[in-house]
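One structure is given below, encoded as structure tokens.
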Amino acid sequence: MERKTYQAGEDVIKQGADGDEFYVLQEGECECYLDFNDGNPPKMVKSYEHGEAFGELALMYNTPRAATIRAKTDCTLWAMDRATFQKVMLFTTAKRREKYETFLEGVSLLSSMDKYERSKVADALVDRKYADGEYIITEGDTEDDSFFFLVTGKAKATKVLTEGGSEPQVVYEYTKPGEFFGELALITSKPRAANVVANGPCTCVCLDRGSFTRLLGPCEDIIKRNKEQYAEIEKKILSA
Ligand code: CMP
Ligand code: CMP
């Protein structure tokens, strides 16, 4: 990587220009401005501090720079050329796929997928870590729209089953790696139908709504089957 310095106010990247470097910020602050070409001045959408990186889009997709990055203060940056960036990207993508491969092979929901389809799921997964008692999903929430697989530890779904708001009851326990939850709100576009709470420390991987729809289409039938199970379980709990 090559060390580069910029003065406050200088553009590191100009929106619309060709690009062949990726940058990591060592010292100082930068800001990202988007020009929507609507007659208004460019809008500041993000700021960068020590250790953050930008300028990947033009290199990944062979497109003009999608935004302007301006030094807010005097800055020291490290620039990586296109060829090195692409090698690093290939390596990290391969590492990532390797990391999740064994886990995803054991997820029964995905058993109808081939290796390539599973590698696409691996590319989209995000790691999450929870402490005992932490809410992974909150009943009624409409903000977070992730879909989860349990990786390690345990979690439980809880819900108020009787009208009038008594204590939430446990309606489901997630104890095995690969079990999933958080599908209902994505399928029905309704608020979250239950809480899901870490039962001891646990880790999950999640997919955002776009990836869920794009990648898990082939598993739709199995996912929908769970919905019928929930009603059965609730009936049993209430009649016990
Ligand atoms: P690139 O298009 O190569 O150059 C401009 C960079 O700004 C872009 O890569 C991203 O790294 C960064 N950026 C940050 N926020 C945005 C955004 N909302 N739209 C586009 N680029 C963004
Ligand atoms: P979602 O509604 O998106 O968020 C809460 C999740 O809890 C829900 O998806 C299901 O995955 C899970 N869940 C487990 N048991 C139940 C239940 N009885 N009713 C509703 N959701 C449940």
- Query: Could you give every pair whose Cβ atoms fall below 6 Å, whose first residue belongs to segment 62-75 and is modelled with pLDDT of 95 or more, and whose second residue is among the basic types (Lys, Arg) and part of a loop (DSSP other than H, G, I, E, B), counting only separations of at least 6 or pairs across chains?
  - Reply: THR68/LYS14
- Task: Could you tell me whether segment 127-140 includes any residue that is on the phi > 0 side of the Ramachandran plot and touching an Asp or Glu at 6+ places or on another chain (Cβ under 9 Å)?
- Result: no
- Any chance TYR100 is more than 16 Å from ligand 2 (Cβ to nearest atom) and free of Cβ contacts under 8 Å to residues at least 60 places away in the same chain: no
- Query: If you check ASP132, ASP144, ASP81, which single one turns out to be surrounded by fewer than 17 Cβ atoms within 10 Å (Cβ to Cβ), within 30 Å of ILE69 (Cβ to Cβ) and modelled with pLDDT of 95 or more?
  - Reply: ASP81
- Kindly provide the set of residues from segment 1-55 that are free of Cβ contacts under 8 Å to residues at least 60 places away in the same chain, surrounded by fewer than 15 Cβ atoms within 10 Å (Cβ to Cβ) and in contact with a helix residue (DSSP H, G or I) (Cβ under 9 Å, 6 or more places away or on another chain), ordered by number. ALA17, ASP18
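So, in segment 153-166, exactly how many residues are touching a strand residue (DSSP E or B) at 6+ places or on another chain (Cβ under 9 Å) and on the phi < 0 side of the Ramachandran plot?
So the answer is 9.
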- Query: Taking segment 186-206 on its own, how many of its residues are under 16 Å from THR142 (Cα atoms) and either in contact (Cβ under 8 Å) with a residue 40 or more places away in the chain or touching a strand residue (DSSP E or B) at 6+ places or on another chain (Cβ under 6 Å) (or both)?
  - Reply: 8
- Task: At least 3 residues that are within 12 Å of ligand 1 (Cβ to nearest atom) and under 30 Å from CYS204 (Cα atoms) in each: list the strands (runs of 3 or more DSSP E) lying fully within segment 1-113 that qualify.
- Result: 43-48
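The values are calculated or read from the model by the stated rules, or taken from the named source; none is laboratory data. Here the structure is a predicted model, which means the values were calculated and not measured. Please note: Cβ atoms are built from the backbone with ideal geometry, for glycine as well, and neighbour counts cover all protein chains shown.
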